[in-house]
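The values are calculated or read from the model by the stated rules, or taken from the named source; none is laboratory data. This structure is a prediction, so every number in the text was calculated from the model and none was measured. Using ideal geometry, Cβ is built from the backbone for each residue, glycine included, and neighbour counts are taken over all protein chains shown.
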Amino acid sequence: MTKNKLSSSVQLFSGVLILGLANAASAIQIETDDAKIDIYGYARLNASYDINEDISRSSGTRSGDFSQVNTGAAENSEASGYFGADAVQSRLGIRTRMANGVMVNVEGDFRGGANGGQLRLRHAYGQYGNWLMGRTWSNYNSFVGNTSVLEMDGVAGNAGLYNRTAQVRYIRGNFAFAVEDPKPNILGQATKSGLPTLTARYENKAGALKFSSAALLQEVGYDTGTNDDSVFGYAVFGAAKFQVTDTLSIQGNVNYTDGANSYLWRSGTNYYGEDAYLDGNSVETITGYSANLGTTIKVGPGSLSAVYGMTTMDWDDATDDGLSVGSKHERNTNAFLTYKWSPVKSVMLGVEYGRYEVKKVSGDEGDANRLMFAAQEPVNNSV
């Protein structure tokens, strides 16, 4: 049965590629005496075939959702074989560079709305000299150790907050420091944020090695007007890429959190896990850790990548304190085998196999397999 479904998905692939090539667009640049304006972006088609249950995010991009992976008895009676496609990952942005050194960047995609298709803000920030203010990738983030995949939501265990957030950042050489919008998450309790999240990052290279490390500190607390408590959570990560030869690289990430799982990518039910829980009126932190390891090698006209990632949260203390957390995700893992190539300049085509596995605190486990196809043509290669 699985063999027939794989055969069907391969037949669909050729049609997906033809559709992707139709998304032509041109770069637009406007120059004045005082500014240079770049309008950039790309048109992107994503298509997926779920060999087992449908695990695609309802908001589009065909991203695999750990919360949709069946576990336990549900695995024995699941419907299977789902195809879907959309173009909501397509992006459009405007970058303005002033003569006085000020740079402003505003960018959006179409992943907004319950089912995708509506404009969503990605970046909106300004930069002058060593200072950056606005919404962009968290300072507690690095792409150095990430393996490139077609899955928009990436690999479990990617470094830090694999997302964008409002912040004020100061950059000094290889160091960057920021105060950021806080994201505390207490199980079953509304949080109160009295302080920003503090982040620090260092990034450098030495020969064939690129590396990055970062740390953060955040307040995790609540205040009902009757009861209140707060603690500090922290997180650290390390990321590295080693260029073994001109055609082969090895890269990976390691993360550890204590009271900061809202910065532990692909933890919890899909994106981020809870930072803490209440034992009576006291806030108790939850620890977590994650890692991934991948390799990329040039093969034929393109590149072949393989990567495995995992994220784990430790619910033992919560269980010992009497909380009912059996349905919580203890471990999420995913693995990808990806091939990308450019048949003509500025056009990227890709095909990918992905596997997703979930283990819950109760012991229930489940897995899902899928194929993904993508076609992308940029408006501007500088995106």
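From the list Leu216, Leu187, Leu150, exactly one residue is over 16 Å from the mean Cα position of the chain (by Cα), surrounded by 18 or more Cβ atoms within 10 Å (Cβ to Cβ) and touching a residue at least 60 places away in the same chain (Cβ under 8 Å). Which is it? Working first, answer last.
Values: Leu187 fails: surrounded by 18 or more Cβ atoms within 10 Å (Cβ to Cβ); Leu150 fails: over 16 Å from the mean Cα position of the chain (by Cα).
One residue alone meets the criteria, Leu216.
List every residue pair whose Cβ atoms lie under 6 Å apart, where the two residues are 6 or more positions apart in sequence or sit on different chains, the first residue falls within region 261-277 and is closer than 19 Å to Val358 by Cα, and the second residue, located anywhere, is basic (Lys, Arg) and assigned to a helix (DSSP H, G or I).
Matching pairs, first to second residue: none at all.
Is there any pair linking a residue in region 85-109 that is within 13 Å of Asn46 (Cβ to Cβ) to one that is in a strand (DSSP E or B) and among the aliphatic types (A, V, I, L, M), with Cβ under 7 Å and at least six apart or on different chains, and which?
Here the result reads Ala85/Leu45; Ala85/Ala47; Ala87/Ala43; Ala87/Leu45; Ser90/Ala43, each pair linking region 85-109 to a residue that is in a strand (DSSP E or B) and among the aliphatic types (A, V, I, L, M).
How about region 223-268: which of its residues are surrounded by fewer than 19 Cβ atoms within 10 Å (Cβ to Cβ), within 21 Å of Arg164 (Cα to Cα) and among the β-branched types (Val, Ile, Thr)?
Residues satisfying the conditions are Val236, Val254.
Quick check, is Arg120 surrounded by fewer than 18 Cβ atoms within 10 Å (Cβ to Cβ), over 20 Å from the mean Cα position of the chain (by Cα) and in a strand (DSSP E or B)?
On the way: surrounded by fewer than 18 Cβ atoms within 10 Å (Cβ to Cβ): yes; over 20 Å from the mean Cα position of the chain (by Cα): no; in a strand (DSSP E or B): yes.
So Arg120 fails the test.
Right, Thr197: crowded, with 16+ Cβ neighbours inside 10 Å and under 18 Å from Met133 (Cα atoms) or not? Outline the logic, then answer.
Numbers: crowded, with 16+ Cβ neighbours inside 10 Å: yes; under 18 Å from Met133 (Cα atoms): yes.
It is true that Thr197 is crowded, with 16+ Cβ neighbours inside 10 Å and under 18 Å from Met133 (Cα atoms).
Select, from Trp131, Trp137, the only residue that is surrounded by fewer than 18 Cβ atoms within 10 Å (Cβ to Cβ), farther than 25 Å from Tyr49 by Cβ and at pLDDT 95 or above.
Values: Trp137 fails: surrounded by fewer than 18 Cβ atoms within 10 Å (Cβ to Cβ).
Among Trp131, Trp137, only Trp131 is surrounded by fewer than 18 Cβ atoms within 10 Å (Cβ to Cβ), farther than 25 Å from Tyr49 by Cβ and at pLDDT 95 or above.
Does Ser148 qualify as being within 15 Å of Asp275 (Cβ to Cβ), assigned to a loop (DSSP other than H, G, I, E, B) and not acidic (Asp, Glu)? If you could, list the steps in order and put the result at the bottom.
On the way: within 15 Å of Asp275 (Cβ to Cβ): no; assigned to a loop (DSSP other than H, G, I, E, B): yes; not acidic (Asp, Glu): yes.
It is false that Ser148 is within 15 Å of Asp275 (Cβ to Cβ), assigned to a loop (DSSP other than H, G, I, E, B) and not acidic (Asp, Glu).
Table: residues versus (1) over 17 Å from Phe373 (Cα atoms); (2) not charged (D, E, K, R).
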site	(1), (2)
Arg44	no, no
Phe66	yes, yes
Asn70	yes, yes
Ala73	yes, yes
Ser80	yes, yes
Phe83	no, yes
Leu92	yes, yes
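Rundown of residues vs (1) more than 17 Å from Met152 (Cα to Cα); (2) exposed (fewer than 15 other Cβ atoms within 10 Å of the Cβ), yes/no style:
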site: Val307; (1), (2): no, no
site: Asp316; (1), (2): yes, yes
site: Asp320; (1), (2): yes, yes
site: Thr338; (1), (2): no, no
site: Lys345; (1), (2): yes, yes
site: Tyr353; (1), (2): no, no
site: Lys360; (1), (2): yes, no
site: Asp364; (1), (2): yes, no
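If you check Ala200, Ala291, which single one turns out to be more than 17 Å from the chain's Cα centre (by Cα), of a type in the set (Gly, Ala, Ser) and either on the phi < 0 side of the Ramachandran plot or in a strand (DSSP E or B) (or both)?
Working: Ala291 fails: more than 17 Å from the chain's Cα centre (by Cα).
Matching residue, one of Ala200, Ala291: Ala200.
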